[in-house]
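In what follows, a structure is listed as structure tokens, so that the remarks can point back to it.
No lab work stands behind these numbers, since they all come straight from the coordinates. Computed from a predicted model, the values in this text were never measured in an experiment. Ideal geometry is used to build each Cβ from the backbone, glycine not excepted, and the neighbour counts take in all protein chains shown.
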Amino acid sequence: MRIIIIGAGAVGTYLAERLSAEGEDVVVIEADEQRAAELQEHLDALVIVGNGASSQTLREADVGAADLLIAVSNSDGANVLACHAAKEMGIGTTVARIEDPELREGSDLLGVDVVIDPSLMAAEELADVVGFGGPSEVIQFAEGHLVMVGGRVSATAAITTAHLHELRRRQDGWPWIVAALVRDGRTIVAHGDSKVHSGDHALVMTTAENVERAAELIGVRRHRFERAVVMGGTRLADLTAGEMLRTGLAVVMIDDDAARTVEFASKYPKALIIDGDPTNPDVVRELELGDEDVVLGLSGWDEVNLLACLIAKAVGAGMVIARFNRISYVSLLAGVGIDAAISSRLMAAGAILRFVRRGRIEQVATFSDTDAEAIEIEVSTGSKAVGSSLLDLGLPTGVIIGGISRDGSPMIPDGRTVIRAGDHIVMFALPSEIEDSTALFTA
Amino acid sequence: MTTPPRQGITSSLRLLGTVGFILGSVLSILGLAMASAIVVSVFNSEIRTALWLTAASGITILSGLLLRSLAGKPSSITIKEGFATVGLAWFVLALFGALPYLLTGAIPSFTDAVFESTSGFTTTGFSTILDPGALPAGVLYWRGLTNWLGGLGVVMIGVIVLPRLGTGGFQLAQAETAGPTLERLAPRFQGTARRLLTVYLVITTLAIGLLWAGDMTGFEAVLHAFATVATGGFSTEPTSLAAFSNYSQWVVTLFMFLSAISFALHFRAFSKPARYLRNAEFRLYLIVLAVAVLIVIAGLWQDHQPMDAIRLGAFNTISIATTTGFTSTDIGQWRPALQIVLIGLMFVGGMTGSTAGAIKTFRIGVLGKAAFADVRRVVRPRAVFVTRFGRETIPAPVVEAVQSFFLFYMLIFMASTFLLAFIDANVAEAIDVPTAANAIISALGNVGPGLVPASQSGGLAGFPDPAMWLLSGLMILGRLEIFPVLVLFTRDLWRR
């Protein structure tokens, strides 16, 4: 597939890297010469210097022959313009990052097929996570029959007491499997002899009715939050506060930009707005944080978010979530004193990746701290996997089948499970394995 | 090297030039309005009066034209010049407006004539005339017309008539109109002013028609409509509305209520009446009025027939609350508790952008909200509380302006009360302190008669001249909402 990416910001760069690693033909258009040069050094893709909204540049990138345009520059207007021009030149599908909600209305008339708003997506995701009240992921597959529960493993969790094969025998009577662990930024696809440590980000596959037990297994306590404390004055903070208020939580917003706090106070009369430095312990202590409070560090500075969250945790917040711009911090720092980390750019990239993959794949879940993906596939008749057991299939170590939904009934497979045509399988795979493993079930 | 003092003088001269031009224009328009009184006189075969009115009109028009030509047309009008013009204009207009009274001999005393004219233009309604009915028709008409012209604002009317002033018209009207901001109803300011004038004319015409349909003569209907729609309160009878039928009183009650509503809101709600209730200030105005009227009616219930209690309660409460100042009974005889309710209403007044005076419901609402936020701030020192009125957030500078307005209002009220009592103690010893306080708040709020003893026009008869000048000044201060007058005394206005 030929994919044009406009704007080599964090989202554009990350997407270019992922897609090119997966073997797609990627063309990146970036206006900044230096930025383009840097990108060209480590990326196996064509990097063009130019204005992505100009038809001349687009022609240079041979947009007419491309399947997908991803316009993720900083300017809403330029993104829409690029989509419009590309559509005129006959491109297949266009994706644009648009932050202004007014501009989003009617953008389909301007040639934009899919609109991505990283901050809005992150805000909605945060609302979900806060709603879960502990687990960092609750992802539904196969029409909700299969669920992947993710969370930070606590020191007292039952799962840390033995190797997985041993545990599997002890925890009998309900279907579960540990799909993967993210430890210190590395992703480990789980095996029988893996051992879960406290602080790992564990992803457990189970059926819909066993979500609570899965959370309990990894020692994630489920909170019922009453109050959300949003720190920072970014657009993400703004949108998140709105989402939290909508879900019925009491909201406190803290920022040290006086003009911004006045804006918030006007926009959210029901929220309590504090003009203060979220990294000042006195400011945080005045909130009298407790177990029923979730704290979200959403300022524009990674260090402020980290520090603010650590302080909030230290004075008793039930859960703290930090937003990081530097994508590598997300996997590295989650678990080191903070309960979860997010990156709006990563979420936007994830959404675009999911969009790119749609078609042969039913559903894709991306994660904030690992490049691995959870993919739901319908096994096609005549594919290699049909008729063989999972053991015989000889899947690589970077891949695990976490669940199967057969004729609407879910199950957690083991090595002896035989794949049938029409099964919906949920596969967890490292990025390098995605392409080949998918082919086993679809080709 | 430049010398600062000279700069200051040229700056002041330039300012006076602009002020002079606008003032001259407005004066000539005032003179033309005066000329309409000549017609009334001639119709009533008052030849002597008509001649003197012609003289008054001529002097005013000529002074205006002279001032205009001396000053020369300014290229533009700044905020500064707008405020200076409006501040000065009202004092000058009050003086020229006194000419018809003086020249015709209707009011021989210069002090009283200026007082009458000021009371008219500021829509206060205090009068020095014991029996207005005895005045020549032309003068009586002029007295009513001052009410009507002052309601919308003399300068505002000037803006509509004058050739294009660009943004200058807005600066002028902004300074003259009640309330912190002037709402725009059309892209060009002149369009906005014209629309406001249209609303004013429509309401006035309706009032005239409905009053004429009752027991009033056409002349009485016009004058009472002028006084009602301007929330002025000049009546043709010494006993005010008590001299007319219950029907007339109810019509006046309705139009007093309508006239204390923002005219811009009237205009926008004409096509969509739901806009009234969506307006936060309107809701507050309605609540204040409803609560006050109910309290007063309840208070009157024991001593009156039910229908009388309702009519008297509604009429007199709304008259005070809208700062009109008509009366239909001697309120001074009411229970003290009810009088205190009415005194409270004198501070509140109607909506911003209406013809009503006093502090206005918008400011009362903002003051309340801001005060409540201050209370919350005590326990949450770091929290940010904005002042919201309805769905809108009131910017901090506006809140502060409202607070200092309130402060000035109360300071002026107290200082003037003291001053009035002081003047009286040394001159006449006719006024007790409650009466003094009452007269001051009535003048400052442009309410007019009401609780002042004997409550009718002659109530101020015992006041010495210095007291009359004090009240005249307060009426203008109140009508222009203090700031345009106070800035006349700041160096910032006169220096670059």
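Computed over the alpha-carbon atoms, the protein assembly as shown gives an Rg to Rh ratio of 1.16, Rh here being the Kirkwood radius from the mean inverse distance. Placing one equal scatterer on every Cα of chain A and applying the Debye formula, the log10 ratio I(q)/I(0) at q = 0.06 Å⁻¹ is -0.27. Calculated [222 nm] ellipticity per residue, helices only, for chain A: -10000 deg cm²/dmol; basis is -39500 (n - 2.57) per DSSP H run with n ≥ 4, divided by all residues, nearest 500. Averaged over peptide A:270-278, the number of partner chain Cβ atoms lying within 10 Å of each residue's Cβ comes to 3. As a ratio to 2.2 N^0.38 Å, the alpha-carbon radius of gyration computed for the range A:347-442 takes the value 1.03.
For the pairs A:K195/A:K313; A:K87/A:K270; B:K80/B:K360; A:K267/B:K80, note any where the Cα-Cα span goes beyond 32 Å. The answer is A:K87/A:K270; A:K267/B:K80. Dipole of the protein assembly as shown computed with +1 at Lys/Arg Cβ and -1 at Asp/Glu Cβ about the Cα centre; of B:A358, B:N147, B:I297, farthest Cα towards the positive end is B:N147. Of the GluC sites (Glu not before Pro) found in the range A:299-373, none is in coil by DSSP with at most 16 other Cβ atoms within 10 Å of its Cβ. The simple Förster model, with R0 at 41 Å and r as the Cβ-Cβ distance, assigns A:A314 and A:D100 a FRET efficiency of 0.60.
Taking label positions 7 Å along the Cα-Cβ direction at both A:K267 and A:A208, the computed distance is 3.6 nm, reported to one decimal.
From the P(r) of the range B:163-313, could you give the percentage of C-alpha pairs in the tail past 22 Å? Distances greater than 22 Å cover 52 percent of the Cα pairs.
Screening chain B for DSSP H helices whose Cα atoms reach 30 Å or more along their own axis and whose mean Kyte hydropathy is at least -0.5 gives B:4-43, B:47-71, B:189-212, B:280-301, B:396-427.
In the protein assembly as shown, a dipole from Cβ-located charges (positive for Lys and Arg, negative for Asp and Glu) runs towards its positive end, and of B:W52, B:F372, A:V330 it is B:W52 whose Cα lies farthest in that direction. Rounded to two decimals, what is the ratio between the C-alpha radius of gyration of the range A:138-268 and 2.2 N^0.38 Å? Normalised by 2.2 N^0.38 Å, the Cα Rg of the range A:138-268 equals 1.36.
Straight-distance candidates among the lysines for linking to B:K73, with alpha-carbon spacing under 28 Å and chain neighbours fewer than 8 residues away dropped, are absent. Given R₀ = 60 Å, FRET efficiency for A:T442-A:A155 by Cβ-Cβ distance, to 0.05? For A:T442 and A:A155, the calculated efficiency is 0.90.
Site pair A:A421 and A:E33 shows an inter-label distance of 5.9 nm when each label is modelled 7 Å from Cα along Cα→Cβ. Kirkwood's formula applied to the C-alpha pairs of the range A:224-337 gives a hydrodynamic radius of 13.7 angstrom. In this structure the amide hydrogen of A:V47, modeled in the peptide plane, comes within under 5 Å of the amide hydrogens of A:V28, none closer than 5 places in sequence on its chain. For the range B:79-161, what log10 I(q)/I(0) values come out of the Debye formula at q = 0.11, 0.13, 0.22 1/Å, with one point per alpha carbon and no solvent? Debye intensities relative to I(0), on a log10 scale: -0.29, -0.40, -1.00.
Taking amide H atoms as placed 1.01 Å from N in the peptide plane, the amide H of A:I70 lies under 5 Å from those of A:I4, A:I5, A:I6, A:V95, each 5 or more residues away in sequence or on another chain. Given R0 = 22 Å, the distance between the Cβ atoms of B:S404 and B:V375 translates into a calculated FRET efficiency of 0.65. Where both bridge residues fall in chain A, DSSP classifies roughly 50% of the beta bridges as antiparallel. When every Cα-Cα distance of chain B is counted in 20 angstrom steps from zero, the calculated P(r) takes the values 24, 58, 17, 1, 0 percent. Within the range B:1-141, the proportion of Cα pairs with more than 17 Å between them is 64 percent.
Out of all Cα-Cα pairs in the range B:304-405, roughly what percent, to the nearest whole number, are more than 19 Å apart? For the range B:304-405, the share of Cα pairs beyond 19 Å comes to 55 percent. A simple count of charges around B:M468, restricted to other residues whose Cβ falls under 14 Å of its Cβ and scoring Lys, Arg +1 and Asp, Glu -1, yields -4.
Determine, for each peptide in A:149-161, B:267-279, the mean count of other beta carbons within 10 angstrom over its residues, then list the peptides with the highest first.
In decreasing order of mean packing, A:149-161, B:267-279 become A:149-161, B:267-279.
When you filter the GluC sites (Glu not before Pro) in the range A:101-194 for DSSP loop state and at most 14 other Cβ atoms inside 10 Å of their Cβ, you are left with A:E105. Of all beta bridges that DSSP places with both ends in the protein assembly as shown, some 55 percent have antiparallel geometry. Neighbouring Cβ atoms from other chains, within 10 Å of the Cβ of residues in A:255-263, number 2 on average.
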